[in-house]
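Scroll down for the structure; my scribbles are underneath it.
The values are calculated or read from the model by the stated rules, or taken from the named source; none is laboratory data. Owing to the predicted nature of the structure, the values given are computational and were not obtained by experimental measurement. Don't worry about glycine lacking a Cβ; one is built from the backbone with ideal geometry, like all the others, and counts go over all protein chains shown. Remember, those area values only see protein heavy atoms, side chains included, never the ligands or the DNA or RNA. Shrake-Rupley method; radii C 1.70, N 1.55, O 1.52, S 1.80 Å.
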Amino acid sequence: MTLLTPLMRGSALTAIFSDDRRVQGMLDFEAALAQAQAECGVIPQSAAAPIARTCRAAFIDMAALGEAACAAGNLAIPLIKQLTARVKETDAEAARYVHWGATSQDAIDTGLVLQLRDALDVTQQLLSGLIEAVAGQAARHKGTVMPGRTWMQQALPVTWGLKLAGTLDALLRWQERLRQLRPRVLVLQLGGASGTLASLKEAALPVAGRLAQNLALGLPDTPWHSQRDRLLEVGTWYAGLGGTLAKFANDFALLMQTEVGEVGEPPTPGRGGSSAMPHKRNPIGCAVVLTAMQRTPGLMATLYACQVQQHERALGGWQAEWEVLPEIAMLVGNALAQTTQLALNMQVFTDKMRANLAITHGLLMAESVTLALAEFTGKQEAHHLMEALCRQAIERGCPLGSLLMHDARVTAHLSEAQIVRLLDPAEATGSAAQFVERVLSHYKEQQ
């Protein structure tokens, strides 16, 4: 099913997890294995080059490979058969040493790790681009005042820069985690039939070391055929990043609602329209991100279940990973690309933000007045007084400021100028600007 791929999996990560790249990853393992074994004297030096020359996905009959996997139970077994036959066409002696001492899972797992390395490289680039875009917008809107919302209701004023800085702060943590996980997960898989490399005898560890070096992968202390925490960590990282992206997309979409109208997705001809209603501007980018995160938790549940693997080779758990982990990476990679475009070209309607700050006629600022009165009357008495005045403002449909300026219990302590200042949302953003600056400083340190 490829029709929805541009919409759902439209980032550069999708090409990395194509059939050709999956097969090429396994072939890269086979070529490097032959080279390492030749260097360690396990197979003849003359065998390595013919094997390596033939390890090209273009030489593989993909349709036949897929069909043969039905009987074999995995792609590696029929792939090795095809590879051996192709090598034999040019060098029958070299063909004897294809896949020497390895097992199917060695080729499949190491091939996947090679794909993941490319995927993490691309992901790092995408993430860096998003971080740069969000940092720029956070700095630009450090002082853009808007309503804060708790329980989906207006609370106290915040700034758009602070909301963006919250996202940026989380993205910087995901960037740091990505750097940390790479050496743990980008490692060789080579264990042979039961994870002992018995077939390679005393050459086992030298071959493993040379193979890891040839592939520029880490060398684990043991084969990890049925210990899948590394792949779980990769999936968890992608799912966690996706959660941060989805939180941002969800908030953005809510702020795009007609009745709110404080932000907008980039205005592009033909984007976000309706087949029935010409006036519509739907949050398409947000929808793509949220769709990815509707699917990802279920896929992660499968990946967690895959941790339960039997003895030295799994029955079902390993096989279930083959499509699940790439799908998580592709979905979140696309969400990352979509969010970057949104962050770069978002529309911010500051006039509407100011208008929305005023729709409660001052009630939004009741806490500021309460705290100012509390210095004279105590917190409890000030709270009861302001609660009563807020109720009156709602019942009469009049501004809170008008009631405050005509109530002797208030004017006994606060002047008209003080009341006006206390009701100004721009005066009540607390440490928002400092929080933004702290995150931006951290961003600059990491770059």
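So which residues in region 378-403 are among the aliphatic types (A, V, I, L, M) and open to solvent by 100 Å² or more (accessible area, probe 1.4 Å)? So that I can check it myself, show each step before the final result.
Going through region 378-403, the residues among the aliphatic types (A, V, I, L, M) turn out to be 382, 385-386, 388-389, 393-394, 400, 403.
Across region 378-403, the qualifying residue is only Ile394.
Of the residues making up region 339-389, just one is aromatic (Phe, Trp, Tyr) and part of a helix (DSSP H, G or I), namely Phe376. Residue check: is Asp221 part of a helix (DSSP H, G or I) and of a type in the set (D, E, K, R)? When the stated conditions are applied, Asp221 does not pass them. For Ile16, work out the one condition from (1) in contact with an Asp or Glu (Cβ under 8 Å, 6 or more places away or on another chain); (2) surrounded by fewer than 23 Cβ atoms within 10 Å (Cβ to Cβ) it doesn't fulfil. Of (1) in contact with an Asp or Glu (Cβ under 8 Å, 6 or more places away or on another chain); (2) surrounded by fewer than 23 Cβ atoms within 10 Å (Cβ to Cβ), only one is false for Ile16: (2). Of the candidates Leu357, Leu290, Leu342, the single residue that is of a type in the set (A, V, I, L, M), touching a Cys at 6+ places or on another chain (Cβ under 8 Å) and more than 30 Å from Gly73 (Cβ to Cβ) is Leu342.
Restricted to helices (runs of 4 or more DSSP H) entirely inside region 20-123, those with at least 2 residues that are closer than 15 Å to Trp322 by Cβ are 62-72, 76-90. May I ask you to list the residues in region 275-305 that are more than 22 Å from Ala335 (Cα to Cα) and at pLDDT below 95? Those that are more than 22 Å from Ala335 (Cα to Cα) and at pLDDT below 95: Ser275, Ala276, Met277, Pro278, His279, Lys280. Residues considered: Ala358, Ala366. Of these, the only one that is at pLDDT below 95 and buried (at least 18 other Cβ atoms within 10 Å of the Cβ) is Ala366. The residues listed here are Ala372, Ala301, Ala305, Ala337; of these, the one that is without any contact (Cβ under 8 Å) to a residue 12 or more places away in the chain, open to solvent by 10 Å² or more (accessible area, probe 1.4 Å) and not charged (D, E, K, R) is Ala301. Criterion applied to Thr103, Thr167, Thr150 was being touching a residue at least 12 places away in the same chain (Cβ under 8 Å) and either within 25 Å of the chain's Cα centre (by Cα) or farther than 27 Å from Ser18 by Cβ (or both), and the one residue passing it is Thr167. Whether any residue in region 209-230 is over 26 Å from the mean Cα position of the chain (by Cα), over 30 Å from Glu39 (Cβ atoms) and either in contact (Cβ under 8 Å) with a residue 12 or more places away in the chain or open to solvent by 50 Å² or more (accessible area, probe 1.4 Å) (or both) is what I want to check. No, every residue in region 209-230 fails to be over 26 Å from the mean Cα position of the chain (by Cα), over 30 Å from Glu39 (Cβ atoms) and either in contact (Cβ under 8 Å) with a residue 12 or more places away in the chain or open to solvent by 50 Å² or more (accessible area, probe 1.4 Å) (or both). Against the list (1) open to solvent by less than 50 Å² (accessible area, probe 1.4 Å); (2) in a strand (DSSP E or B), the condition Leu156 fails is (1).
Consider Gln446 carefully, then state whether it is open to solvent by less than 60 Å² (accessible area, probe 1.4 Å), polar (S, T, N, Q) and closer than 22 Å to Leu162 by Cβ. Judged against the criteria, Gln446 is a match. For region 179-199, filtering for residues that are part of a helix (DSSP H, G or I) and open to solvent by 10 Å² or more (accessible area, probe 1.4 Å) leaves 7. Here Pro78 clears all of (1) touching a Gly at 6+ places or on another chain (Cβ under 9 Å); (2) surrounded by fewer than 14 Cβ atoms within 10 Å (Cβ to Cβ) except the condition numbered (2).
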